[in-house]
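Comments concern the structure below.
Each value in this text was obtained by applying a stated rule to the coordinates, not by laboratory testing. Given the structure is predicted, the values throughout are model-derived calculations rather than measurements. Don't worry about glycine lacking a Cβ; one is built from the backbone with ideal geometry, like all the others, and counts go over all protein chains shown.
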Amino acid sequence: MDRLIDGYARFRATAWPERRRLFEQLADQGQAPRALVIGCVDSRVDPGMILDAGPGELLVLRNVANLVPPYAPDGAHHSTSAALEFAVRVLRVPDIIIIGHAMCAGIAALMNGAPGQATDFLVPWINIAALAKSRVLACDDATDPQLACEHAAIVLSLENLREYPWVAERLADGSLQLHGAHFDIRSGTLKLLGEDGAFAPA
């Protein structure tokens, strides 16, 4: 904790004076982020850093394995869906970007089984991507099943996004676009999902 407080002290001494006017403007005028980014909770994958975005530019939603659950408006707790609704219906972001990443522990748990001490919530959550796993296992040419499932989970989450009626409405009128991306921690390379279904360097 001491290192984090030291970091805050550096922020107050350097970053805050430099960006004070921006923060004041954001406080006065509210936020109008350029995109909603759905990323993984993995501490090595910071969407703001990867996209070199400043305060107010991105609305960032992070969960295990950057998953979007199916549309299910019931009485249960749905933090990811609530954030989606806020971004799409209230803030009206023009873009949603799902950023997966290499060596994703959530996808590894999906493929190989979750750690025994993390079954209360992790297993039901990652099973959202069970269809992605099935698709990968059905392919004989998947030389790297982990990577293939990371990609397939992004595609599945984009499919799930399109099931949300207010996402579908904005896609239909052209005011919203969906994007898939995959970040390789080892190389620093960001790949984007193309219309041909393949990921290529941005």
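Which longest run of the chain has no exposed loop site in it, a site being GluC sites (Glu not before Pro) in a DSSP loop with at most 15 other beta carbons within 10 Å, and the site itself not part of the run?
Counting only loop sites that pass the neighbour cut-off, the longest clear stretch is 1-162.
Taking the Cα centre of the chain as the origin and placing charges on Cβ (Lys, Arg +1; Asp, Glu -1), which of Leu58, Gly113, Leu4 is farthest toward the positive end of the dipole?
Leu4
Quote the charge dipole size of the chain about the Cα centre in Debye, to the nearest 20; the model charges only the Cβ of Lys and Arg (+1) and of Asp and Glu (-1).
Result for the chain is approximately 520 debye, rounded to the nearest 20.
By how many degrees, between 0 and 90 and to the nearest 10, does the Cα long axis of helix 16-29 differ from the longest principal axis of the chain?
80 degrees
Mind ranking 38-46, 3-11 by how tightly packed they are, going by the mean number of other C-beta atoms within 10 angstrom, highest first?
38-46, 3-11
Given Thr80, Ala168, Leu178, which one lies farthest toward the positive end of the charge dipole of the chain, if we put +1 on the Cβ of every Lys and Arg and -1 on the Cβ of every Asp and Glu?
Farthest along the dipole direction, towards plus: Thr80.
Suppose the chain between Ser187 and Arg19 were pulled fully straight at 0.36 nm per residue; how much longer would it get relative to their current alpha carbon spacing?
Fully extending the segment from Ser187 to Arg19 adds 57.4 nm.
Using helices alone, I'd like the mean residue ellipticity at 222 nm for the chain: each DSSP H run of four-plus residues gives -39500 (n - 2.57), total over residue count, nearest 500.
-11500 deg cm²/dmol
Enter the angle in degrees (range 0 to 90, nearest 10) between the Cα long axis of helix 145-161 and the first principal axis of the Cα atoms of the chain, meaning the one along which they spread out most.
With rounding to tens, the tilt is 70 degrees.
Relative contact order, percent, of the chain when contacts are C-alpha pairs under 8 Å separated by at least 6 residues?
Reported as a whole number, the value is 21 percent.
As an exercise, identify the trypsin sites (Lys or Arg not before Pro) in the stretch 82-182 lying in DSSP coil whose Cβ has no more than 14 other Cβ atoms within 10 Å.
Passing sites in the stretch 82-182 are Arg92, Arg162.
Among Leu36, Leu193, what is the fewest-to-most ranking by other Cβ atoms within 10 Å?
Leu193, Leu36
Using Cβ counts within 10 Å as a stand-in for footprinting exposure, how do Val60, Val68, Val123 rank, fewest first?
So the ranking, lowest neighbour count to highest, is Val123, Val60, Val68.
Given a 10 angstrom Cα cut-off, can you work out which residue in Asn66, Asn112, Asn127 is the most mobile in a GNM of the chain?
Asn112
Using Cα pairs under 8 angstrom and six or more residues apart, how large is the relative contact order of the stretch 45-114, in percent?
Result for the stretch 45-114 is 36 percent.
Can you bin the chain into rounded, prolate or oblate? Criterion: square roots of the alpha carbon gyration tensor eigenvalues sorted a ≥ b ≥ c, rounded for a/c under 1.5, prolate for a/b above b/c, oblate for the rest.
prolate
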